[in-house]
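Undergrad: Just dropping this structure here.
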Amino acid sequence: MKRLLLASAITLAAVAAPASLLAQDAAPAPKETAGALFGTRENIEHADISPSGQYVVYLTPGHGRVTSVFVASLDGSAPPRLVMTSGADPDRLRWCNFATDTRLVCQITGLVDSAGILIPYSRLVAIDTDGKNGGMLGQRDSQFDARLRQFNGEVLDWLPDEPGAVLMSREYIPEAGKMNTRMVRNENGLGVDRIDLATLEASRVEGPAKDADFYITDGRGKVRIKGYRPGVGATSQLANKMVYRYRPEGSDEWQPFSTVEDGGMGLSPVAVDASCGCAYALQPLDGRLALYRVKLDGSMATELVYANDRVDVDGVLRIGRGDKVIGLTYAEEKRHAIYFDKEYGNLSRALGKALPNLPAVDFLGSSADNSKLLIHAGSDSDPGRYFVFDKTARALNEILVARPSLEGVALASVKPVSYPARDGTAIPGYLTLPPGKADARGLPAVLLPHGGPSARDEWGFDWLAQYLANQGYAVLQPNYRGSAGYGDAWLQRNGFQGWRTSIGDVTDGARWLVAQGIADADRLAIVGWSYGGYAALQAGVTEPGMFKALVAIAPVTDLEMLKSDARNYVGRNLVVDMVGSGKHTVEGSPLQNVARIQAPVLMFHGDMDLNVAVGHSREMDKQLRAAGKPSELVVYEGLEHSLVDSVARAAMLDRIGAFLQANTAE
């Protein structure tokens with residue numbers, strides 16, 4: 001933390017800011033490779049608008065894994081000003097938001113290796129927009145802390161009626177072994193404090209509680225809901241359920257809200273709306289998540305807000321300093337929004353007409369009086385642009401471009417498709433064809449299954465799929481059974497316990513590409529990240545002759561190893577239950593079936609990967625080589641699961657491109 005705050009002063013003279021908000025680097029240098037064009041991190045990783053609506057703060061990547069925070073005046077009267085920089089060694093800046101026009105709150109995360117155990121952490125800091133007066137917002141560390149302080153809290157409420165203050169949850173840790181003094185901290189658990197961001201003084205709002213993992217406020221400074229995942233017996237392991245309690249208006253007593261078994265019935269609160277004195281909660285209806293409105297007046301009166309007969313409702317849409325609930329969102333072939341707030345509904349439709357080529361519109365933030373809105377708009381073939389809409393002037397101004405290096409580069413369109421699995425089930429997915437080759441036949445093709453497995457792909461810009469299309473490949477991204485978002489029946493037992501179905505859906509996608517004449521059966525490859533990497537390797541096991549090249553980024557390779565990797569963490573039981581036990585853990589592990597793999601394998605992995613330990617790739621590479629199989633492994637030192645490093649990503653894409661070309665060329 002000291003290194004990071006010091007860097008904010010040191011790096012100010014060393015890092016050059018963009019000349020102006022509207023004049024970002026346009027075209028890439030001719031010497032840049034395709035890997036650099038698509039692998040360079042997105043130019044805007046987070047953005048927020050100030051309470052006055054006069055400034056914007058944004059996080060932008062530097063070389064490699066560096067991230068910098070800039071504040072810019074929207075009238076262009078001065079160049080953007082550097083606030084601070086992190087080098088992700090190990091600290092990484094995740095976001096910065098305005099508390100006032102001159103004071104920011106930022107989150108920093110990282111990983112440390114403690115005797116071979118990777119430990120994640122996060123910290124909240126406040127800092128002036130000129131890079132001065134930085135300080136942490138959580139409880140101060142003590143050498144006598146009874147346990148490790150991983151997460152020091154979260155901002156719960158930006159307190160729109162109290163500029164310069166926030167409501168935040170704070171982790172309280174008791175002291176142990178402190179001798180010869182009565183000044184010993186004994187409070188234990190998660191509490192809620194009001195923080196004066198100028199003085200960093202805290203005042204108690206909610207006492208620390210051991211039965212609280214998070215709190216939800218009403219956006220106006222009142223804590224209304226808390227939730228926690230209880231332990232199992234006397235152990236530190238977490239149970240497969242969540243317990244929620246709520247506080248009726250005018251009461252200090254907590255009352256039961258719901259108890260939700262993982263994957264079971266029950267109301268899971270996502271937001272509280274002060275205007276109606278109610279909570280919005282998700283609950284299964286006919287096997288899919290629906291949105292409900294629940295009165296917090298003691299009656300728990302519940303009404304259905306919206307249910308979709310095809311997909312889950314994902315959650316609510318919020319805007320403003322008070323996080324006003326303005327609508328809900330869900331994804332079918334494309335993402336949709338239903339607005340409760342008529343003003344934003346009308347504005348969304350108007351923006352759709354004003355930006356016909358950028359249909360994916362998101363409201364990111366607003367000024368304190370809601371007269372100015374920060375908006376992101378993008379599409380499948382446009383990574384996105386940031387706009388400020390002035391309601392009073394009815395003016396929409398573009399201020400930032402998400403990926404300026406791709407300006408002028410032909411990008412591919414993404415088409416929602418559906419294909420039949422071997423049992424006749426229609427599998428949804430997305431097909432991306434090389435730019436200018438919409439009618440091409442017999443193309444080299446790449447299956448690109450998503451990670452998770454309890455996740456899904458959506459219509460929109462995807463830098464990995466776009467790179468592959470740029471290299472001339474047809475790309476199919478299947479939302480195989482085991483994907484999230486389509487309800488319980490589609491999720492099934494998950495992609496590990498139900499691997500035969502999930503992997504079968506993926507390989508059936510390759511058959512469909514060939515049957516449609518889109519792909520050449522002799523030029524098929526498969527590329528995946530995380531569970532997608534597992535799917536790539538396991539597809540090489542189940543269909544040894546189908547793919548000519550297997551690329552796996554941070555893959556799971558052994559299901560028993562995945563369970564073992566969780567042994568030092570409180571979520572071990574959750575991982576064990578997800579993976580399950582039985583012969584499927586052997587039959588469904590690429591590492592246990594190396595002999596069946598015929599295609600050359602290329603793997604990439606960061607050695608600080610908390611999601612999937614690097615040992616999965618190292619052992620897979622070792623066993624493949626021992627069996628005489630062609631295998632390459634690239635390990636990135638100090639990088640985690642997402643490989644957030646522009647240099648590493650660019651080199652990875654170039655290596656993937658060369659590997660695919662060598663193995664799928666005519």
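The values are calculated or read from the model by the stated rules, or taken from the named source; none is laboratory data. Keep in mind it's a predicted model, so treat the numbers as computed, not measured. A quick note on method: Cβ atoms are made from the backbone with ideal geometry, for glycine too, and the neighbour counts reach across all protein chains shown. Each accessible area value is taken on the protein alone, full model and side chains, heavy atoms only, with ligands, DNA and RNA left out. Shrake-Rupley method; radii C 1.70, N 1.55, O 1.52, S 1.80 Å.
Undergrad: Taking the residues in the stretch 91-118 that are closer than 22 Å to residue 365 by Cα and of a type in the set (D, E, K, R) as candidates, determine which candidate is least open to solvent (accessible area, probe 1.4 Å).
TA: Restricting attention to the stretch 91-118, the residues satisfying the condition of being closer than 22 Å to residue 365 by Cα are 93-108.
Then keep just the ones that are of a type in the set (D, E, K, R); that gives 94, 101, 103.
Details: 94: 102, 101: 41, 103: 21 Å².
Here the answer is 103.
Undergrad: Contact list please: Cβ distance under 7 Å, first residue in the stretch 616-629 and farther than 22 Å from residue 641 by Cβ, second residue open to solvent by 50 Å² or more (accessible area, probe 1.4 Å), pairs at least six apart or on different chains.
TA: 627/595
Undergrad: If the Cβ limit is 7 Å and pairs must be 6+ apart or interchain, which residue in the stretch 512-531 that is closer than 27 Å to residue 654 by Cβ and modelled with pLDDT of 95 or more pairs with which residue that is of a type in the set (S, T, N, Q) and open to solvent by less than 10 Å² (accessible area, probe 1.4 Å)?
TA: Final answer for the pair search is 523/664; 525/664.
Undergrad: Right, next: State the number of residues belonging to the stretch 415-450 that are in contact (Cβ under 8 Å) with a residue 40 or more places away in the chain, within 26 Å of the chain's Cα centre (by Cα) and more than 23 Å from residue 550 (Cα to Cα).
TA: Total satisfying the criteria: 2.
Undergrad: Among the residues of the stretch 96-117, write down those that are within 12 Å of residue 69 (Cβ to Cβ) and either aliphatic (A, V, I, L, M) or at pLDDT below 95 (or both). Show your work before the answer.
TA: Pass one, the stretch 96-117, residues within 12 Å of residue 69 (Cβ to Cβ): 96-98, 104-108.
Across the stretch 96-117, the qualifying residues are 104, 105, 108.
Undergrad: When you scan the stretch 77-88, how many residues do you find that are touching a residue at least 60 places away in the same chain (Cβ under 8 Å) and either among the aliphatic types (A, V, I, L, M) or touching a helix residue (DSSP H, G or I) at 6+ places or on another chain (Cβ under 9 Å) (or both)? Talk me through it step by step, then tell me what you get.
TA: Kept after step one, since they are touching a residue at least 60 places away in the same chain (Cβ under 8 Å), are these residues of the stretch 77-88: 79-88.
The next check asks that each one be either among the aliphatic types (A, V, I, L, M) or touching a helix residue (DSSP H, G or I) at 6+ places or on another chain (Cβ under 9 Å) (or both); those that pass are 82-88.
Qualifying residue count, the stretch 77-88: 7.
Undergrad: Answer with yes or no whether residue 301 is open to solvent by 40 Å² or more (accessible area, probe 1.4 Å) and at pLDDT below 95. Working first, answer last.
TA: On the way: open to solvent by 40 Å² or more (accessible area, probe 1.4 Å): yes; at pLDDT below 95: no.
Judged against the criteria, residue 301 is not a match.
Undergrad: So, in the stretch 621-651, of the ones that are under 26 Å from residue 94 (Cα atoms) and either part of a helix (DSSP H, G or I) or aromatic (Phe, Trp, Tyr) (or both), which residue ends up farthest from the chain's Cα centre (by Cα)?
TA: Among those that are under 26 Å from residue 94 (Cα atoms) and either part of a helix (DSSP H, G or I) or aromatic (Phe, Trp, Tyr) (or both), it is 651.
Undergrad: Select from the stretch 245-262 the residues that are open to solvent by less than 30 Å² (accessible area, probe 1.4 Å) and under 24 Å from the mean Cα position of the chain (by Cα) and list them in ascending order.
TA: 260
Undergrad: State which residue pairs qualify: first residue without any contact (Cβ under 8 Å) to a residue 40 or more places away in the chain and β-branched (Val, Ile, Thr) and inside the stretch 34-57, second residue open to solvent by 10 Å² or more (accessible area, probe 1.4 Å) and not in a strand (DSSP E or B) in any location, beta carbons under 8 Å apart, and separation of 6 or more residues or different chains.
TA: none
Undergrad: A further question on this structure: Would the stretch 177-185 turn up any residue that is open to solvent by 30 Å² or more (accessible area, probe 1.4 Å) and in contact with a strand residue (DSSP E or B) (Cβ under 6 Å, 6 or more places away or on another chain)? Can you show your working first?
TA: Taking the stretch 177-185 as the starting set, the residues that turn out to be open to solvent by 30 Å² or more (accessible area, probe 1.4 Å) are 177-185.
Checking which are in contact with a strand residue (DSSP E or B) (Cβ under 6 Å, 6 or more places away or on another chain) leaves us with 184-185.
Checked against the condition, which is being open to solvent by 30 Å² or more (accessible area, probe 1.4 Å) and in contact with a strand residue (DSSP E or B) (Cβ under 6 Å, 6 or more places away or on another chain), the stretch 177-185 yields at least one hit.
Undergrad: Taking the conditions exactly as written (in a strand (DSSP E or B), at pLDDT 95 or above and closer than 22 Å to residue 523 by Cα), does residue 468 satisfy them or not? Steps first, answer last, please.
TA: Values: in a strand (DSSP E or B): no; at pLDDT 95 or above: yes; closer than 22 Å to residue 523 by Cα: yes.
For residue 468, the condition - in a strand (DSSP E or B), at pLDDT 95 or above and closer than 22 Å to residue 523 by Cα - is not met.
Undergrad: For residue 265, all conditions in the list (1) open to solvent by less than 80 Å² (accessible area, probe 1.4 Å); (2) among the aliphatic types (A, V, I, L, M); (3) closer than 21 Å to residue 293 by Cα hold save one; what is the number of the exception?
TA: All conditions pass for residue 265, except number (1).
Undergrad: Can you pull out every residue in the stretch 144-173 that is part of a loop (DSSP other than H, G, I, E, B) and over 30 Å from residue 220 (Cα atoms)?
TA: Answer for the stretch 144-173, where residues must be part of a loop (DSSP other than H, G, I, E, B) and over 30 Å from residue 220 (Cα atoms): 144, 146, 147, 148.
Undergrad: Pull up the stretch 47-76, narrow it to residues that are touching a helix residue (DSSP H, G or I) at 6+ places or on another chain (Cβ under 8 Å) and open to solvent by 50 Å² or more (accessible area, probe 1.4 Å), then point me to the one that is farthest from residue 649 (Cα to Cα).
TA: Taking the candidates together, the pick is 63.
Undergrad: Look at residue 125 and say whether it is more than 21 Å from residue 67 (Cβ to Cβ), hydrophobic (A, V, I, L, M, F, W, C) and outside any loop (DSSP other than H, G, I, E, B).
TA: Values: more than 21 Å from residue 67 (Cβ to Cβ): no; hydrophobic (A, V, I, L, M, F, W, C): yes; outside any loop (DSSP other than H, G, I, E, B): yes.
No, not satisfied.
Undergrad: Would you check which residues across the stretch 595-643 are closer than 17 Å to residue 656 by Cβ, among the charged types (D, E, K, R) and open to solvent by 50 Å² or more (accessible area, probe 1.4 Å) and list them?
TA: If the condition is that a residue be closer than 17 Å to residue 656 by Cβ, among the charged types (D, E, K, R) and open to solvent by 50 Å² or more (accessible area, probe 1.4 Å), then 632 is the only one that fits.
Undergrad: Still on this model: Cβ contacts < 6 Å: first residue closer than 23 Å to residue 568 by Cα, restricted to the stretch 139-153; second residue open to solvent by less than 90 Å² (accessible area, probe 1.4 Å) and basic (Lys, Arg), any location; separation 6+ or different chain. Result?
TA: 144/178; 152/123; 153/170
Undergrad: Looking at 368, 350, 360, can you tell me which residue is more than 25 Å from residue 280 (Cβ to Cβ) and either among the charged types (D, E, K, R) or open to solvent by less than 70 Å² (accessible area, probe 1.4 Å) (or both)?
TA: Numbers: 368 fails: more than 25 Å from residue 280 (Cβ to Cβ); 360 fails: more than 25 Å from residue 280 (Cβ to Cβ).
Answer to the selection: 350.
Undergrad: If you don't mind, another one. Test residue 165 against the criterion of being in contact (Cβ under 8 Å) with a residue 60 or more places away in the chain, closer than 30 Å to residue 80 by Cβ and open to solvent by 60 Å² or more (accessible area, probe 1.4 Å), and give yes or no.
TA: Details: in contact (Cβ under 8 Å) with a residue 60 or more places away in the chain: yes; closer than 30 Å to residue 80 by Cβ: yes; open to solvent by 60 Å² or more (accessible area, probe 1.4 Å): no.
So residue 165 does not fit the description; no.
Undergrad: If you don't mind, there's one more thing I want to ask. With the requirement that a residue be assigned to a helix (DSSP H, G or I), among the hydroxyl-bearing types (Ser, Thr, Tyr) and open to solvent by 10 Å² or more (accessible area, probe 1.4 Å), what does the stretch 531-575 give you? Reasoning before the result, please.
TA: Looking only at the stretch 531-575, we keep the residues that are assigned to a helix (DSSP H, G or I), and these are 531-542, 559-565, 572-575.
Restricting the remaining residues to those that are among the hydroxyl-bearing types (Ser, Thr, Tyr) gives 531, 534, 542, 564.
The answer is 542, 564.
Undergrad: Same structure, new question: May I ask you to say which residue of 395, 410 is hydrophobic (A, V, I, L, M, F, W, C), surrounded by fewer than 19 Cβ atoms within 10 Å (Cβ to Cβ) and under 25 Å from residue 457 (Cα atoms)?
TA: Details: 395 fails: under 25 Å from residue 457 (Cα atoms).
Among 395, 410, only 410 is hydrophobic (A, V, I, L, M, F, W, C), surrounded by fewer than 19 Cβ atoms within 10 Å (Cβ to Cβ) and under 25 Å from residue 457 (Cα atoms).
Undergrad: Please work out if residue 227 is on the phi > 0 side of the Ramachandran plot and open to solvent by less than 20 Å² (accessible area, probe 1.4 Å).
TA: Numbers: on the phi > 0 side of the Ramachandran plot: no; open to solvent by less than 20 Å² (accessible area, probe 1.4 Å): yes.
Answer is no for this residue.
Undergrad: Another question about this same structure. Please determine whether any residue of the stretch 577-589 is at pLDDT 95 or above, buried (at least 24 other Cβ atoms within 10 Å of the Cβ) and in a helix (DSSP H, G or I).
TA: There is no residue in the stretch 577-589 that is at pLDDT 95 or above, buried (at least 24 other Cβ atoms within 10 Å of the Cβ) and in a helix (DSSP H, G or I).
Undergrad: May I ask you to list the residues in the stretch 468-495 that are buried (at least 24 other Cβ atoms within 10 Å of the Cβ) and among the aromatic types (Phe, Trp, Tyr)?
TA: If the condition is that a residue be buried (at least 24 other Cβ atoms within 10 Å of the Cβ) and among the aromatic types (Phe, Trp, Tyr), then 473, 480 are the ones that fit.
Undergrad: Here's something else I'd like to know. Going through the stretch 77-90 one residue at a time, which ones are touching a strand residue (DSSP E or B) at 6+ places or on another chain (Cβ under 9 Å) and either open to solvent by 20 Å² or more (accessible area, probe 1.4 Å) or among the small types (Gly, Ala, Ser) (or both)? Quick ask: steps written out before the conclusion?
TA: Here is the first cut: in the stretch 77-90, the residues touching a strand residue (DSSP E or B) at 6+ places or on another chain (Cβ under 9 Å) are 78-90.
Within the stretch 77-90, 78, 79, 81, 86, 87, 88, 89, 90 meet the criteria.
Undergrad: I'd like to verify a number: residues in the stretch 426-454 that are open to solvent by less than 40 Å² (accessible area, probe 1.4 Å) and either touching a helix residue (DSSP H, G or I) at 6+ places or on another chain (Cβ under 8 Å) or not in a loop (DSSP other than H, G, I, E, B) (or both), how many?
TA: Of all residues in the stretch 426-454, those open to solvent by less than 40 Å² (accessible area, probe 1.4 Å) come to 427-434, 440, 442-451, 453.
Then keep just the ones that are either touching a helix residue (DSSP H, G or I) at 6+ places or on another chain (Cβ under 8 Å) or not in a loop (DSSP other than H, G, I, E, B) (or both); that gives 427-434, 443-451, 453.
Here the count works out to 18.
Undergrad: Quickly run through the stretch 602-659 and pick out the residues that are touching a Pro at 6+ places or on another chain (Cβ under 9 Å), under 16 Å from residue 111 (Cβ atoms) and hydrophobic (A, V, I, L, M, F, W, C).
TA: 608, 610, 612, 644 - these are the residues of the stretch 602-659 that are touching a Pro at 6+ places or on another chain (Cβ under 9 Å), under 16 Å from residue 111 (Cβ atoms) and hydrophobic (A, V, I, L, M, F, W, C).
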